[in-house]
Amino acid sequence: MKPRFSAPHGGNNKQARENRHVQTVETITPSLDEDDLMAIVAEQKEPFILILDCVQDPHNLGAILRTADAAGVHAVVAPKDKAVGITETVRRVSVGAADHVPFAQVTNLARTMEKLKAAGLWLVGTSDHATAKSIYDLDLKGPLAIVLGAEEKGMRRLTEENCDFLASIPMAGKVECLNVSVATGVCVFEAVRQRRVAHE
């Protein structure tokens, strides 16, 4: 039962308004580092990695981690700067996936991408450029990392240059691009489809 308070001098029983100037401080869960990531890659016969270039919205990251968990992604990678980490909001939106999907934050994303390529992974970046092939036309089997850019701006120039291939998602409407978490679902599950067909 809720406690009952008596209002002084016959006033109304009203609860105090929430102080909008007090912000809730979210705790951030420590992430893995580059060495941890490369150890995970080394353990997999066909590594399946997701790289996020400066995704800042915790709701997007939570949704992406939920998708990554469902698709069997081995690890999600993001830079330490200009990107959201695992906060309570991320954990809540991910419906627990944030506690299961390895999440690495690295100091130099371009260097990490080079290391992944040296380990045998092909890097496929998503792009709105007209010259990019459709995600459905690319071979997404084998050791793979799918790279997605930040909200609004997409991938940074150096990140895009470090990709082996660029892929676009065919858009039939007036809107130019999808939300990054939705784009992740489209790309990741196209890779899942191709990989399953290859093993049947």
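The values are calculated or read from the model by the stated rules, or taken from the named source; none is laboratory data. Nothing here was measured: the structure is a model prediction, and the numbers come from that model. Side chains are part of the model used for accessible areas, which takes the heavy atoms of the whole protein and leaves out ligands, DNA and RNA. Shrake-Rupley method; radii C 1.70, N 1.55, O 1.52, S 1.80 Å.
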Next on the checklist: Using 19 Å as the Cα-Cα cut-off, could you pick out the over-long pairs in Lys80/Lys115; Lys82/Lys117; Lys82/Lys174; Lys45/Lys117; Lys45/Lys80; Lys82/Lys115?
Outcome noted: Lys82/Lys117; Lys82/Lys174; Lys45/Lys80; Lys82/Lys115
Checklist entry - Can you pull the accessible area of Arg195 for me, 1.4 Å probe, Å² to the nearest 10? => result 30 Å²
Item to check | Heavy-atom accessible area per residue - segment 152-200, 1.4 Å, Å² | outcome: 67 Å²
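If you take the square roots of the eigenvalues of the alpha-carbon gyration tensor of segment 39-78 and sort them as a ≥ b ≥ c, do you get rounded (a/c under 1.5), prolate (a/b over b/c) or oblate? Provide the component values of the computation, followed by the final result.
Numbers: a/c = 3.51, a/b = 1.79, b/c = 1.96.
It comes out oblate by the Cα gyration axes.
Send over the semi-axes of segment 126-200's equivalent ellipsoid, whole angstrom and largest first, taken as the square roots of 5 times the C-alpha gyration tensor eigenvalues.
Numbers: eigenvalues 87, 44, 25 Å².
Whole-Å semi-axes of the equivalent ellipsoid: 21, 15, 11.
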Next on the checklist: Can you work out the Karplus-derived ³J(HN,Hα) for every residue in segment 93-103? Use 6.51 cos²θ - 1.76 cosθ + 1.60 with θ = phi - 60°, whole Hz, and x for glycine or proline.
Outcome noted: 5, 6, 6, x, 4, 4, 8, 10, 8, x, 10
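Using only the alpha carbon atoms of segment 86-157, find the Kirkwood hydrodynamic radius as the inverse mean reciprocal pair distance, in angstroms to one decimal. Walk me through the intermediate numbers first.
On the way: mean 1/r = 0.0685 Å⁻¹.
Across segment 86-157, the inverse of the average 1/r is 14.6 Å.
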Next on the checklist: I'd like the carbon and sulfur percentage of the solvent accessible area for segment 67-121, probe radius 1.4 Å, heavy atoms only, ligands and nucleic acids excluded.
Outcome noted: 46 percent
Checklist entry - Straight-line reach from Lys133: which aspartates and glutamates have a Cα under 18 Å away, not including same-chain ones fewer than 8 places off? => result Glu160, Glu161, Asp164, Glu176, Glu190
